Amino acid sequence: NAGVTQTPKFQVLKTGQSMTLQCAQDMNHEYMSWYRQDPGMGLRLIHYSVGAGITDQGEVPNGYNVSRSTTEDFPLRLLSAAPSQTSVYFCASSRGGSYGYTFGSGTRLTVV
Amino acid sequence: DQQVKQNSPSLSVQEGRISILNCDYTNSMFDYFLWYKKYPAEGPTFLISISSIKDKNEDGRFTVFLNKSAKHLSLHIVPSQPGDSAVYFCAASAGTNAGGTSYGKLTFGQGTILTVHP
């Protein structure tokens with residue numbers, strides 16, 4: 001049981017490049033989310049999904065796209081990377097109800 | 001607009017004593033609250049949660065208290081151990097009151113760094 005798997009763990013991008021952060025879970029969880037963590041800001045919600053085919057915006061969605069074609073996968077796409085997107089990104093999943101979210105180990109992204 | 005606030009950036013306690021971490025919220029639609037623990041270079045780990053229909057929930061050394069009228073919750077760790085040293089985040093969601101899709105939205109506080117000294 002791998003839980004929530006994020007790839008890559010580290011990435012350096014040049015301004016203007018695009019990339020996809022991968023997230024996969026093997027727990028058959030309906031709910032999945034992407035967060036970014038910045039110093040002094042806690043974790044801020046980027047996008048989330050309540051099931052395959054259903055996504056919605058979080059607190060800081062600009063510059064990011066998501067899709068949920070399967071229950072297992074929830075990739076995060078950076079359309080045109082900017083230095084302000086330098087952050088640690090966490091993917092999380094949950095079965096909902098009284099259960100907390102299970103987080104992946106994170107992707108540390110640097111945009112230069 | 002910081003809807004969930006942890007006003008203490010850090011807390012230092014002696015091993016064996018009680019650690020009390022505090023969290024305030026402003027959104028009255030929040031009806032579910034969670035605490036997470038995070039070690040460096042790892043993802044947050046779920047610790048304990050509480051629904052707004054309760055005022056206390058216990059799990060071993062961890063107890064969460066909710067004061068709805070004050071919009072305040074706290075996490076008590078008794079006794080504190082050096083392995084508890086980490087960043088603690090409180091989080092809230094408006095899952096039940098606001099409808100099913102809102103459950104997916106967790107709002108986090110800024111975190112409190114807990115250091116437990118041997």
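The values are calculated or read from the model by the stated rules, or taken from the named source; none is laboratory data. A quick note: this is a predicted structure, and the numbers were derived from the prediction, not measured. In this analysis, Cβ positions are derived from the backbone assuming ideal geometry, glycine residues included, and neighbour counts consider all displayed protein chains. Just so you know, the surface numbers come from the protein's heavy atoms only, side chains and all, with ligands and any DNA or RNA stripped out. Shrake-Rupley method; radii C 1.70, N 1.55, O 1.52, S 1.80 Å.
Some points to look at:
- Pairing each residue of segment B:1-14 that is within 12 Å of chain A (Cβ to nearest Cβ) and touching a residue at least 12 places away in the same chain (Cβ under 8 Å) with any residue that is surrounded by 12 or more Cβ atoms within 10 Å (Cβ to Cβ) and not in a strand (DSSP E or B), provided the two are 6+ apart or on different chains, yields C-beta distances under 6 Å for B:Q3/B:T26; B:Q3/B:N27; B:V4/B:G109; B:K5/B:G109; B:Q6/B:G109; B:Q6/B:Q110.
- Test for B:S69: is it at negative phi, of a type in the set (G, A, S) and open to solvent by 70 Å² or more (accessible area, probe 1.4 Å): yes
- Selection count where residues are out of contact with any His (no Cβ under 9 Å at 6 or more places or on another chain) and either within 14 Å of another protein chain (Cβ to nearest Cβ) or open to solvent by 10 Å² or more (accessible area, probe 1.4 Å) (or both), scope segment A:93-110: 10
- Which listed residue, of B:V64, B:V13, B:V78, B:V4, is hydrophobic (A, V, I, L, M, F, W, C) and open to solvent by 40 Å² or more (accessible area, probe 1.4 Å): B:V78
- For segment A:28-47, filtered to residues that are part of a strand (DSSP E or B) and more than 9 Å from every other protein chain (Cβ to nearest Cβ), the residue that is nearest to B:K5 (Cα to Cα) is A:D38.
- From the list A:V88, A:V12, A:V50, the lone residue that is outside any loop (DSSP other than H, G, I, E, B), more than 14 Å from chain B (Cβ to nearest Cβ) and either in contact (Cβ under 8 Å) with a residue 12 or more places away in the chain or over 15 Å from the mean Cα position of the chain (by Cα) (or both) is A:V12.
- Selection from segment B:36-68 of residues that are under 14 Å from the mean Cα position of the chain (by Cα) and at the interface with another protein chain (Cβ under 9 Å from one of its Cβ atoms): B:Y36, B:K38, B:P44, B:T45, B:F46, B:L47, B:I48, B:S49, B:S51
- For A:G40, the test of being at pLDDT below 95 and open to solvent by less than 10 Å² (accessible area, probe 1.4 Å) is failed.
- Residue check, B:V78 hydrophobic (A, V, I, L, M, F, W, C), touching a His at 6+ places or on another chain (Cβ under 9 Å) and modelled with pLDDT of 95 or more: no
- B:I50 vs. criteria of a type in the set (V, I, T) and either under 29 Å from A:C23 (Cβ atoms) or open to solvent by 50 Å² or more (accessible area, probe 1.4 Å) (or both): yes
- Against the conditions (1) touching a residue at least 60 places away in the same chain (Cβ under 8 Å); (2) within 12 Å of chain A (Cβ to nearest Cβ); (3) under 22 Å from A:G104 (Cα atoms), B:D84 satisfies every one except (2).
- Identity of the residue in segment A:53-85, within 14 Å of chain B (Cβ to nearest Cβ) and of a type in the set (D, E, K, R), that ends up surrounded by the most Cβ atoms within 10 Å (Cβ to Cβ): A:R68
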